[in-house]
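Student: Please see the structure below; I have some questions.
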Amino acid sequence: MENRALFTTSWDDGHPLDARMAELLSRHGFQGTFYMPLSNREGLPVMPPGEMRRLGQEFEIGSHTIDHCPLKTVDAAEARRQIVEGKNQLERILGHRVSGFCYPLGQCTWKLRQMVIDAGFDYARTIEKFHRTMLADPFQMPTTIQFYPHEHPSPRSVLGKARSLFVRNFTGRGEWQRTKDLYSVFHGKETFTSRLQAMLDYVCFHGGVFHLWGHSWELESFDGWRQLDDFLRYAAERIPVEGRLNNRELLQYAAANSG
Ligand SMILES: [Zn+2]
């Protein structure tokens, strides 16, 4: 990839605090994609349809199944229903096509990936980290870093094994080659803030994509709003306006500049 730095963000689960996230991104001139289920089986609130439409006027909204269903825990018929109906219901609310999908909890297999393709999506985001390049397969769009300073407690930590299996299946040994630089940069710093800044500096210097993702509801637990405000200010001084994209635009950019 050329030496240009691109910056995208994505925010999962459609929590009502996503409205605050959208406001913060706007204030710093950044774009983003919000992946929304219609409800959340884990009991977290999801923003009402009117708020989704309002947010969708400025930001991309992608699908995140009907009710935040971890797709490997249900049978094929239910997984397909979650993928297809999650898209249909969101499209009815927004009044336009939804082209992006995000696997809840990062759970994916070849079969699930094929269901997402069959449902008519253009791409799907994973939770793979330490990437600064797009992969050839748009149905495994990776990320750079989650905006969350700690290792996840259970139940998310148990997903580690399934996730690395997914990556091995898809990308083999190339995975480590693609992620080792940012892995080293990340572990070369002590604090979350300095890690984020060093990774962004690296992407700005070498070129590529900085893809920040997270959950607005999680930011409440660690003074995240102030830290994100600071980081976006840092990023705004370094990323030119034309390099600020949402996930769909990032995909289009990659397609136009490949080969
Ligand atoms: Zn989620």
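Read-outs: derived from the displayed coordinates by stated rules, not from any lab. Bear in mind the structure is a predicted one, so any value in this text is a computation, not a measurement. All Cβ positions, even for glycine, are placed from backbone atoms using ideal geometry, and neighbour counts span all protein chains on display.
Student: When the helices in the chain are scored as -39500 (n - 2.57) per DSSP H run of 4 or longer and the sum is shared across all residues, what 222 nm value do you end up with, to the nearest 500 deg cm²/dmol?
Tutor: Details: 10 runs with 115 residues, N = 259.
Only helices count here, giving -13500 deg cm²/dmol.
Student: Under 10 Å, Cα contacts only: if you run a Gaussian network model on the chain, which one of Ile239, Ile83, Ile93 comes out with the highest mean-square fluctuation?
Tutor: Of Ile239, Ile83, Ile93, the Gaussian network model singles out Ile93 as fluctuating most.
Student: Where a ≥ b ≥ c are the square roots of the eigenvalues of the C-alpha gyration tensor, would you call the chain rounded, which needs a/c under 1.5, or, failing that, prolate if a/b is larger than b/c, or oblate?
Tutor: Numbers: a/c = 1.39, a/b = 1.20, b/c = 1.16.
Note, shape of the chain comes out rounded.
Student: Using a Gaussian network model of the chain with C-alpha springs under 10 Å, which one of Glu51, Glu128, Glu42 is most mobile by mean-square fluctuation?
Tutor: Glu42
Student: Also, quick follow-up: Under 1.5 on a/c is rounded, so check that first for region 55-138, then, if it is not, pick prolate when a/b is larger than b/c and oblate when it is not; a ≥ b ≥ c are the square roots of the alpha carbon gyration tensor eigenvalues. Walk me through the numbers on the way to the answer.
Tutor: Numbers: a/c = 1.71, a/b = 1.06, b/c = 1.61.
It comes out oblate by the Cα gyration axes.
Student: Between Thr191, Thr133, Thr109, where does the largest GNM mean-square fluctuation fall for the chain, given springs only between Cα atoms within less than 10 Å?
Tutor: Of Thr191, Thr133, Thr109, the most mobile in the Gaussian network model is Thr191.
Student: At a 10 Å Cβ-Cβ cut-off, how would you order Cys108, Cys102, Cys69, fewest neighbours first?
Tutor: Details: Cys108 26, Cys102 29, Cys69 22.
The fewest-first ordering by Cβ neighbours comes to Cys69, Cys108, Cys102.
Student: Please work out the Cα center distance from region 61-105 to region 1-41, rounded to the nearest Å.
Tutor: 18
Student: Classify region 217-259 from the C-alpha gyration tensor, please: rounded if a/c falls under 1.5, else prolate or oblate depending on whether a/b exceeds b/c. Write down the numbers at each step before the final one.
Tutor: On the way: a/c = 4.58, a/b = 2.00, b/c = 2.29.
Taking the square roots of the gyration eigenvalues as a ≥ b ≥ c, region 217-259 is oblate.
Student: Now, a different point. Given Gly43, Thr179, Leu245, which one lies farthest toward the positive end of the charge dipole of the chain, if we put +1 on the Cβ of every Lys and Arg and -1 on the Cβ of every Asp and Glu?
Tutor: Selected residue: Thr179.
Student: Expressed in nm to one decimal, what extension gain is obtained for the pair Trp110 and Thr133 from 0.36 nm per residue of sequence separation less their Cα-Cα distance? Numbers along the way, then the final one.
Tutor: Details: separation 23, 0.36 × 23 = 8.28 nm, distance 2.13 nm.
Once the chain is fully extended between Trp110 and Thr133, it gains 6.1 nm.
Student: May I pose another question? Given R₀ = 25 Å, FRET efficiency for Gln177-Ile117 by Cβ-Cβ distance, to 0.05?
Tutor: About 0.45, to the nearest 0.05.
Student: Same structure, new question: How large is the dipole of the chain about the Cα centre if only Lys and Arg carry +1 and Asp and Glu carry -1, each at its Cβ, rounded to the nearest 20 debye? Could you put the intermediate results ahead of the total?
Tutor: Numbers: 31 positive and 31 negative charges, 123 e Å.
Result for the chain is approximately 600 debye, rounded to the nearest 20.
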